[in-house]
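Visitor: The structure follows.
The values are calculated or read from the model by the stated rules, or taken from the named source; none is laboratory data. In this text the structure is predicted, and so the values were computed from the model without any measurement. Counting neighbours? That spans all protein chains shown, and the Cβs are built from the backbone with ideal geometry, glycine included. Just so you know, the surface numbers come from the protein's heavy atoms only, side chains and all, with ligands and any DNA or RNA stripped out. Shrake-Rupley method; radii C 1.70, N 1.55, O 1.52, S 1.80 Å.
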Amino acid sequence: MIKEYKTIHEIASPLMVVDHVEGVTYDELAELELPNGEVRRCKVLSVEGDRAVLQLFDSALGINLAESKVRFLGHPLELGVSEDMLGRVFNGMGDPIDGGPAIIAEEHRDINGLPMNPAARAYPAEFIQTGVSTIDGLNTLVRGQKLPIFSCSGLPRAALAAQIAR
Amino acid sequence: MSGRVIKVSGPLVTANGLQDANVSDVVRVGEQQLVGEILNMTGGTASIQVYEETSGLGPGAEVITTGMPMSVELGPGMLENIYDGIQRPLPEIRALTGETIARGVNVPSLSRTKTWEFVPVAKVGDAVVGGDILGTVQETSAISHKIMVPPNTKGVITDIKAGTFTVEETIATLQLDNGKTQDLNMIQRWPVRIQRPYANKHTPSRPLNSGQRVVDTLFPVAKGGTAAIPGPFGAGKTVLQHALAKWSDVDIVIYIGCGERGNEMTDVLNEFPELVDPRNGEPLMKRTVLIANTSDMPVAAREASIYTGITIAEYFRDMGYDVAVLADSTSRRAEALREMAGRLEEMPGEEGYPAYLASRIAQFYERAGVVECLGKDGRMGSVTAIGAVSPPGGDISEPVSQATMRIVKVFWSLDSSLAYARHFPAINWMNSYSNYDDTLRPFYDKTFGPTFMQNRTKAMAILQEENELNEIVRLVGQDALSADDQLTLETARMIREDFLQQNSFVVEDAYSSYDKQYNLLDMILKYDALCREALTKGASLQKLALIPARASIGRAKTVDQEVYSAQYEEIIKNMTAEINAVVAGGEEE
């Protein structure tokens, strides 16, 4: 049974303190239900005794301390993944924003992942052709490598990233 | 003895009910048995740093102390292995949990099933003290692992066996002075934060031959010495560390990948088994222990990885081996310290690093040294500590670089402008230094005669002069210089391009023996001396610069190790003849 707490002690956006909680664990995902039925999500940053500090993923606008309810979901932020995700558009929380139907998950995965075992890695050696001549010719991208694009405001980094993705 | 968690904040967990635990004990936290270490205690409340991801942990979870400080298992089976920061074998974890590292895995550091052929050298009735060698195990084809009496143990051997054993089986029994008997197996446990004891410390007096010309000739590090490699991103810290790990003339290499990229560890894992040690023809992996805490692995274990590495190094040193510890990078470790100090709400020092940053850095480097090992045979061993430092923005005025510079005696300053100019290894000869040149001078004088140090001083002087001349050239142009000064620029260029630059992808050039280095530099300086003499006789500098021997000197570094001395003699003979011809021709004009 999931308990609902109406014991929000303090909100200082984006942090929220909830008192008298039980069985809450670090990094757990929680839902905040506003009196008007709107649901916002947050996660546990620290627990000390029966007091939990949470981080809100949305704004704190319009939250009523006395009437809002908090539900702890008992698992860290997970994402339902499926092959059907190809070709879809999502927001930062993994919800579809392209107007299509919700994804039927094949598997739920912790978004924090687990560290990769260095003994299990293969050395990146496969060339990725991006079609951008300055990358392919001079600063080659290799499968399994990471490549940051350093930029300043006003430079077309998004266009370049989109070109590489294409 | 168990307590309960009261607070979780990232890798820092607070628990109460631990009155009987000791500071620095290893604890197991929660259902998943996460590994942690007690940092400090207030009454029965302990602050614990957990070496694994703590999500899903909450107040009320059980904390069990093992009653032991953070320790490593030392014995046969470490070589060729790859460990995480708290000495868990990664290949075995892979067999258990697949591609990723699941939490709370409990695997012994040394394989309990693998058997080793133990050959005793001590006999029944021998009185032994800590450090004495009981017998040997041929751990890999390159290294014979010496099984020693653990430190602080003294007694008479009442039984010693020969044959094939696992690490846990008893190989010898001692009658201790107090009348008790003690069974010894091949495992020694040692707390990582405590230095292993030795009999005496000596001044380092032998150079570490790394096969890198700029290192060995200009900025040598002694065996048992300390060195730092600071440099901005992309200047080649890791590549230089790899080169040192590959070619150094030490018996054992401990490579600590601390907070760096996982792919770099893979590179080592792929490359080392294939590379061959130029001294004994064995694969380099046979003498290597890898410790990996890559940047995606938990931050608390990063701090521990440095201690784990240096403790393993000290153990091999105690057998009488020369060991090199390469830590890449000590900056990541300092950042790990900063992260934990922040969680502990400690008073921040410079740039947010804890106030004890400098002493922690010193703790690592101070465990290097040449020592006379424990035991009655008076064997000598050494640990050389070489750490990479990655100062943000390449600015070495930041605290980690400064604290490191205070302790280390060799400083190889990597320079991004050299790296962009494709001058590798990109060690800047103007602001690097080695304080071992005086302690090593007797060695060089004995091995190569006094010319070696003279040549070195001369080469440094020429490079220094080039720097000054370049400023004049920028103002008035090269043609305004005297022929003598122009020759200096020419020689400096030869020292830079034909001597200091080294291509690690060319097999003959990747490793340069001391002898070859000495002869190569000597040849370049001979060219300089002969040309200078020719100039006084009125020869033209342009013609001197164009003699065919110049091109041969340029190719001389890639001459094969086996045949170089004959070729070098040939080049010197041709060079002398050609310079003489120019002198003769000049007089005719």
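Visitor: Measure off 7 Å from each Cα along the Cα-to-Cβ vector at A:R166 and B:N40, then give the distance between these two points in nanometres to one decimal.
Guide: Result: 5.7 nm between the two label points.
Visitor: Let me ask another. Each label point is 7 Å from the Cα along the Cα-to-Cβ direction; what then is the distance between the points at A:H75 and B:D159, in nm?
Guide: 5.5
Visitor: Related question: Place the peptides B:79-91, A:85-97 in order of packing, highest mean first, counting for every residue the other Cβ atoms within 10 Å and averaging per peptide.
Guide: Values: B:79-91: 22.1, A:85-97: 10.9.
With the highest mean Cβ count within 10 Å placed first, the list reads B:79-91, A:85-97.
Visitor: Expressed as a rounded percentage, what relative contact order does chain B have, with Cα pairs under 8 Å and six or more residues apart?
Guide: 13
Visitor: Sticking with this structure for a sec: If you roll a 1.4 Å probe over the heavy atoms of the protein chains, what accessible area per residue do you get for the protein assembly as shown, in Å²?
Guide: On a per-residue basis, 44 Å².
Visitor: From other protein chains only, count the Cβ atoms within 10 Å of every residue's Cβ in B:262-268, then give the mean.
Guide: 5
Visitor: Might you report the magnitude of the Cβ-based charge dipole of the protein assembly as shown about its Cα centre, with Lys and Arg at +1 and Asp and Glu at -1, to the nearest 20 debye? Please list the in-between numbers first.
Guide: Values: 70 positive and 99 negative charges, 215 e Å.
Rounded to the nearest 20 debye, it is 1040 debye.
Visitor: Here's another thing I want to ask about it. How much of the accessible area of chain A, in percent, comes from carbon and sulfur atoms when a 1.4 Å probe is used?
Guide: 54
Visitor: How about the range B:75-119: which of its residues lose at least 40 Å² of accessible area in the presence of all protein chains relative to their chain isolated, using a 1.4 Å probe?
Guide: Residues passing the criterion (a loss of at least 40 Å², heavy atoms only) are B:R94, B:E99, B:T100, B:I101.
Visitor: Separate question: Near A:K69, which lysines are there with a Cα under 29 Å away, not counting those fewer than 8 places off in the same chain?
Guide: A:K3, A:K6, A:K43, B:K7
Visitor: Would you list which aspartates and glutamates come within 15 Å of B:K543, measuring only between C-alpha atoms, while excluding same-chain residues fewer than 8 positions from it?
Guide: Within the straight-line limit of under 15 Å, B:K543 reaches these aspartates and glutamates: B:D484, B:E490, B:D528, B:E533, B:E578, B:E587, B:E588, B:E589.
Visitor: Could I have the simple spin-label model distance between B:N106 and A:D19, label points 7 Å from Cα toward Cβ, reported in nm to one decimal?
Guide: For the pair B:N106/A:D19, the computed spacing is 4.0 nm.
Visitor: Sort A:131-138, B:62-69, B:3-10 for me by packing, meaning the mean count of neighbouring Cβ atoms within 10 Å per residue, highest on top. Write out the running numbers ahead of the final one.
Guide: Working: A:131-138: 10.9, B:62-69: 16.9, B:3-10: 21.1.
Packing order, densest peptide first, comes out as B:3-10, B:62-69, A:131-138.
Visitor: Let me know the mean shielding of A:120-127 by other chains, meaning the per-residue number of their Cβ atoms within 10 Å of its Cβ.
Guide: 5
Visitor: Using the Cβ atoms and a cut-off under 14 Å, what net charge is assigned to the surroundings of B:E569, where Lys and Arg are +1 and Asp and Glu are -1?
Guide: 0
Visitor: Using the Karplus curve 6.51 cos²θ - 1.76 cosθ + 1.60 with θ = phi - 60°, work out ³J(HN,Hα) for each residue of the range B:107-123 in order, rounded to whole Hz, and write x for Gly and Pro.
Guide: Each residue of the range B:107-123 in turn: 10, x, 5, 10, 4, 8, 9, 5, 10, 10, 8, 9, 10, x, 10, 8, 10 Hz.
Visitor: Using protein chains only (no ligands, no nucleic acids) and a 1.4 Å probe, work out which residues of the range B:4-53 have their accessible area cut by at least 40 Å² relative to the chain alone.
Guide: Residues of the range B:4-53 that lose at least 40 Å² of accessible area once the other chains are added: B:K7, B:V8.
Visitor: Quantify, in whole percent, the carbon and sulfur part of the accessible surface of the range B:231-275 (1.4 Å probe; protein heavy atoms only). Intermediate results must be reported in sequence, preceding the final value.
Guide: Numbers: 650 of 1260 Å².
The nonpolar share, carbon plus sulfur, comes to 52 percent.
Visitor: In what sequence, highest mean first, do B:554-565, B:302-313, A:26-37 appear when ranked by Cβ atoms within 10 angstrom?
Guide: Top to bottom by mean Cβ count within 10 Å: B:302-313, A:26-37, B:554-565.
Visitor: By the scheme Lys and Arg +1, Asp and Glu -1, what is the net charge of all other residues having a beta-carbon under 9 Å from that of B:D328?
Guide: Taking every other residue near B:D328 into account, the sum is 0.
Visitor: Within a Cβ distance under 13 Å of B:T65, other residues only, what is the Lys/Arg minus Asp/Glu net charge?
Guide: Around B:T65, the charge tally is -2.
Visitor: From the cross-link list B:K237/B:K446; B:K537/B:K573; B:K154/B:K201; B:K223/B:K446; B:K237/B:K286; B:K409/B:K446, which pairs have alpha carbons spaced over 28 Å apart?
Guide: Where the Cα-Cα span goes over 28 Å, the pairs concerned are B:K237/B:K446.
Visitor: May I pose another question? Just to verify a number: FRET efficiency for A:N112 and B:A480, C-beta to C-beta distance, R0 = 56 Å, to 0.05? Could the numbers behind the result be given before it?
Guide: Working: r = 65 Å, r/R0 = 1.16.
According to the calculation, E is roughly 0.30.
Visitor: Run the helix sum for chain B: -39,500 (n - 2.57) per DSSP H stretch of 4+ residues, divided by residue count, reported at 222 nm to the nearest 500 deg cm²/dmol.
Guide: Value at 222 nm, helices only: -10500 deg cm²/dmol.
Visitor: Determine the total buried accessible area between chain A and chain B, counting protein heavy atoms only with a 1.4 Å probe; round to the nearest 100 Å².
Guide: 2400
Visitor: Cross-link candidates for B:K123: which aspartates and glutamates have Cα within less than 17 Å, leaving aside residues fewer than 8 places away along the same chain?
Guide: Answer for B:K123, where 17 Å is the Cα cut-off: B:D132, B:D159, B:D183, B:D377, listed by chain and number.
Visitor: So, one more: Please name whichever of A:L29, A:H9, A:A52 sits farthest to the positive end of the charge dipole of the range A:4-76, dipole taken about the Cα centre and charges placed at Cβ: Lys and Arg +1, Asp and Glu -1.
Guide: Towards the positive end, the residue furthest out is A:L29.
Visitor: Let me ask you something else. Give me the inter-chain shielding for A:26-39: mean count of other chain Cβ atoms within 10 Å, whole number please.
Guide: Rounded to a whole number, the mean comes out at 2.
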